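*Asks:* Structure incoming, see below.
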Amino acid sequence: MRRLERWHMYFSIQRMKQEGLKITPIARRLELSRNTVYKFIEMNPDQFSEYLEQLESRKRKLDGYEKAIVEWLREYPDLSAAQVQDWLKERYQQAAQCMYRLMAIYLELQQSHIDLFKTTA
């Protein structure tokens, strides 16, 4: 979810709260979990802004392996998440605990941020 979409969600929650709606109807209308609504309904805009900053600056579990993953993706552009996960397990013990879904999401992010077909002269 992009920053602007998150702000829209936050203000929608706040507006519905002002209208007197309870947590469950807000969650249903916005297709969110009740826990998410509870978390954001108590925040003021400054707290929400801090929350967004933390989201953007947090480290991901696989960031330490980014260089290796990017090299593999450049060499093998059609590499699957399962194969990357296997290679990480073979080469790095700490990465063995990484779940497949996390790996797939990470690869999507990496592939969207690097030019896989860039050739070096």
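The values are calculated or read from the model by the stated rules, or taken from the named source; none is laboratory data. Here the structure is a predicted model, which means the values were calculated and not measured. Cβ coordinates were reconstructed from backbone atoms using ideal geometry, including for glycine residues, and neighbour counts include every protein chain displayed.
*Asks:* Is it true that some residue in the range 90-102 is over 17 Å from the mean Cα position of the chain (by Cα), at pLDDT 70 or above and surrounded by 12 or more Cβ atoms within 10 Å (Cβ to Cβ)?
*Replies:* Yes, the conditions are met somewhere in the range 90-102.
*Asks:* Here's a follow-up. Do we find that Lys61 is outside any helix (DSSP H, G or I) and surrounded by 11 or more Cβ atoms within 10 Å (Cβ to Cβ) in this structure? Let's see the steps before the verdict.
*Replies:* Numbers: outside any helix (DSSP H, G or I): yes; surrounded by 11 or more Cβ atoms within 10 Å (Cβ to Cβ): yes.
Answer is yes for this residue.
*Asks:* Taking Arg6 as the residue in question, decide whether it is free of Cβ contacts under 8 Å to residues at least 40 places away in the same chain and part of a helix (DSSP H, G or I).
*Replies:* On the way: free of Cβ contacts under 8 Å to residues at least 40 places away in the same chain: no; part of a helix (DSSP H, G or I): yes.
When the stated conditions are applied, Arg6 does not pass them.
*Asks:* Moving on. Restricting to the range 66-78, and then to whatever is modelled with pLDDT of 80 or more and surrounded by 11 or more Cβ atoms within 10 Å (Cβ to Cβ), can you tell me which residue is farthest from Arg3 (Cα to Cα)?
*Replies:* Looking at residues that are modelled with pLDDT of 80 or more and surrounded by 11 or more Cβ atoms within 10 Å (Cβ to Cβ), I get Tyr76.
*Asks:* Of the residues Lys67, Lys17, which single one is without any contact (Cβ under 8 Å) to a residue 12 or more places away in the chain, of a type in the set (Lys, Arg) and either under 30 Å from Asp86 (Cβ atoms) or in a helix (DSSP H, G or I) (or both)?
*Replies:* Numbers: Lys17 fails: without any contact (Cβ under 8 Å) to a residue 12 or more places away in the chain.
Unique residue meeting the criteria: Lys67.
*Asks:* Give the residues of the range 20-35 that are among the basic types (Lys, Arg) and part of a helix (DSSP H, G or I), sorted by residue number.
*Replies:* To start, the set of residues in the range 20-35 that are among the basic types (Lys, Arg) comprises 22, 28-29, 34.
Within the range 20-35, Arg28, Arg29, Arg34 meet the criteria.
*Asks:* Residue check, Ala82 against (1) under 16 Å from the mean Cα position of the chain (by Cα); (2) part of a helix (DSSP H, G or I), all met but one. Which one?
*Replies:* In the conditions (1) under 16 Å from the mean Cα position of the chain (by Cα); (2) part of a helix (DSSP H, G or I), Ala82 misses (1) alone.
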